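The values are calculated or read from the model by the stated rules, or taken from the named source; none is laboratory data. Bear in mind that the values here come from a model prediction, so they are computed numbers and not experimental data. Ideal geometry is used to build each Cβ from the backbone, glycine not excepted, and the neighbour counts take in all protein chains shown. In case anyone asks, the SASA skips ligands and DNA or RNA and just uses the protein heavy atoms, side chains included. Shrake-Rupley method; radii C 1.70, N 1.55, O 1.52, S 1.80 Å.
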Amino acid sequence: MNKRVLIRILLFLIVFNSFYLCLYFIHHNSSNPFPKKPPFKRPFIEIQQKTHLSKPWPILPSYLPWSKASIFVPLRSCEGYFGNGFTRRLEVFSGDNGGGWFRCWYSESLRSSVCEGGRVRMKVEKIEMAKGGESLVDVIGRSEEAELPVFRGGAFEVDGGEGFGGEGKLIVDGEFLDRYVPEGEIVRHTMRDLISKIRVVGRKEFACDQWIEEPTLLVTRFEYANLFHTITDWYSAYVSSRVTGLPNRPHLIFVDGHCTAQLEETWKALFSSVRYAKNFTGSVCFRHAILSPLGYETALFKGLTEEIFCDGASAQELRQKPDDLKTARLSEFGEMIRAAFELPLNLNHKLPISGGHNVLFVRREDYLAHPRHGGKVESRLTNEAEVFESLKSWASNYKGCKINLVNGLFAHMSMKEQVRAIQDASVIIGAHGAGLTHIVSALPKTVILEIISSQFRRPHFAYIARWKGLEYHAINLDGSYANTETVINALVSIMKSLRC
């Protein structure tokens with residue numbers, strides 16, 4: 001057979017096969033015009049809450065490692081009170097076959113626990129309290145009892161896994177609560193009440209309307225409009241996040257029915273997101289829930305009734321030479337607040353800021369704080385306006401360093417503006433009052449001058465200054481009226497110690 005015939009045969013076969021393939025695809029597509037779909041899967045978004053991005057932890061100059069497994073932390077040491085005191089690990093429950101879990105970290109020094117759990121369900125309808133998050137003016141006169149939660153049995157449940165039987169049992173008993181979540185002197189311990197109502201249920205009973213995948217802090221606030229008590233809550237929430245080793249800043253849910261308030265701005269800055277429990281409906285399940293202790297159980301509050309002998313020190317000093325009587329934890333926390341508002345951290349007051357030293361006068365004003373507040377603040381310094389005007393005249397004529405007297409009208413400033421004013425101050429002066437709690441965010445070398453009336457001889461801010469390592473001075477009054485010359489003389493002495 002010659003080459004010409006072979007070529008013709010090959011061309012015929014190619015044309016024939018091409019024609020056959022065209023007929024096959026035409027027939028196949030006409031009988032099944034749509035490609036075969038993959039097996040149906042319920043969209044992930046239908047069974048869990050939309051994923052919210054978690055904010056990373058900022059780099060803090062005063063940060064020291066938080067270890068859950070410290071070999072030994074001396075009882076009532078500074079780390080015991082302010083940091084790694086939650087070292088006793090209590091494995092409460094671990095479910096079989098992919099079930100949930102629950103454990104607590106107990107602090108001998110603070111006599112309280114940080115508890116956490118996995119596959120935890122919250123049944124909102126079994127928590128009795130106001131919705132929360134309303135505008136203050138819309139809930140004027142509402143009682144505090146209506147805003148604090150009351151938990152019915154099963155308000156919170158943990159998945160017991162496939163092998164768990166029974167209708168549900170309490171996860172802890174009274175003996176456990178008395179030992180690791182004691183009431184102490186707290187009249188209404190809402191976190192203890194919450195833990196006491198947690199039940200373990202079988203997998204068949206563990207149905208969820210939505211899942212929250214990201215680690216979430218559950219916080220109950222009490223005096224949510226008072227800066228001192230709110231900062232104790234912030235600190236407790238921050239410590240809980242570090243003790244449980246969260247890789248990012250957690251999301252947060254308020255398990256209370258308080259209305260919205262100015263201090264909520266900082267909660268939102270500190271954590272990845274903030275919601276109210278009653279904003280949810282049905283059963284909400286958490287992949288990882290953390291129960292933050294009450295603010296009353298922090299060293300900031302307990303230091304008012306028991307002696308905590310701790311001096312503030314730099315983290316660098318403590319890295320080189322650990323000392324049970326020194327702490328850098330409050331400085332770390334203050335940096336966390338400043339970082340949350342994206343304020344610069346690597347600052348100090350060895351030299352004045354451009355244009356001179358800022359002297360911040362923290363003022364007390366009448367304002368509406370919460371539904372049961374009359375809009376009037378208790379006078380701690382009856383001639384505050386006179387003192388401020390005298391200081392303004394003195395500062396403008398001072399012959400030493402240039403002084404910028406800052407009018408700290410905090411009630412009319414955003415939280416970021418308040419923290420910035422604290423950060424920029426070389427000297428902070430004010431009458432005893434919650435506004436001075438902001439000194440937790442003050443820079444090293446800041447000087448504190450507190451004016452204390454005879455009716456309010458309380459050590460709140462002297463202690464915080466000491467725990468921060470700040471220079472502290474006090475003017476103790478016979479009543480509530482301050483001699484302006486005495487205040488100016490105290491400031492003159494302070495200014496002489498500062499570099500120009």
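Could you put Lys399, Lys445 in order of accessible surface area, largest first, with the 1.4 Å probe and the full protein assembly present?
Numbers: Lys399 185, Lys445 120 Å².
The most accessible residue leads, giving Lys399, Lys445.
On average, how much area does the Cα convex hull of segment 356-431 cover when viewed from any direction, in nm²? Write down the numbers at each step before the final one.
Working: hull surface 21.9 nm².
So the Cα hull casts an average projection of 5.5 nm².
Could you state the number of Å between the C-alpha centres of segment 432-500 and segment 208-275?
Answer, in whole Å: 30.
Solvent-accessible area of Arg329, probe 1.4 Å, all protein chains present, reported in Å² to the nearest ten, please.
10
Pull up all non-local amide H partners of Ser62: gap of 5 or more, or a different chain, and H-to-H distance under 5 Å with H placed in the peptide plane.
Answer set, sorted by chain and number: none.
What is the distance, in nm, between label points placed 7 Å from the Cα along the Cα-to-Cβ direction at Cys500 and at Leu53?
It is 4.8 nm.
In whole angstrom, how long is each semi-axis of the equivalent ellipsoid of segment 81-135, when you take the square root of 5 times every eigenvalue of its Cα gyration tensor and sort them from largest down? Each step should come with its number before you reach the end.
On the way: eigenvalues 142, 93, 13 Å².
Largest first, segment 81-135 gives 27, 22, 8 Å.
With the Cα gyration tensor of the chain in hand, give its eigenvalues times 5 under a square root as the equivalent ellipsoid semi-axes, listed largest first in whole angstrom.
Numbers: eigenvalues 629, 195, 109 Å².
In descending order, the three semi-axes are 56, 31, 23 Å.
Just for the chain, what percent of DSSP beta bridges are antiparallel, to the closest 5?
Working: 29 of 69 bridges.
Beta bridges within the chain, antiparallel portion: roughly 40 percent.
If you count only protein heavy atoms and use a 1.4 Å probe, how large is the accessible surface of Phe102, to the nearest 10 Å²?
Probe radius 1.4 Å; accessible area of Phe102 about 10 Å².
Placing +1 at every Lys and Arg Cβ and -1 at every Asp and Glu Cβ, with all other atoms neutral, what dipole size does the chain have around its Cα centre, in debye to the nearest 20?
On the way: 61 positive and 54 negative charges, 510 e Å.
For this selection, approximately 2440 debye.
Determine the share of the chain's accessible area contributed by carbon and sulfur atoms, expressed in whole percent, with a 1.4 angstrom probe.
On the way: 13020 of 24060 Å².
Carbon with sulfur: 54 percent of the solvent-accessible area.
Given a 1.4 angstrom probe, what's the average accessible area per residue across segment 225-352, in square angstrom?
On the way: 4280 Å² over 128 residues.
With the other protein chains kept in place, segment 225-352 gives 33 Å² per residue.
Normalising by the residue count of segment 76-179, find the relative contact order in percent from Cα pairs under 8 Å and 6+ residues apart. Let's see the in-between values first.
Values: 149 pairs, mean separation 29.1, N = 104.
RCO, segment 76-179: 28 percent.
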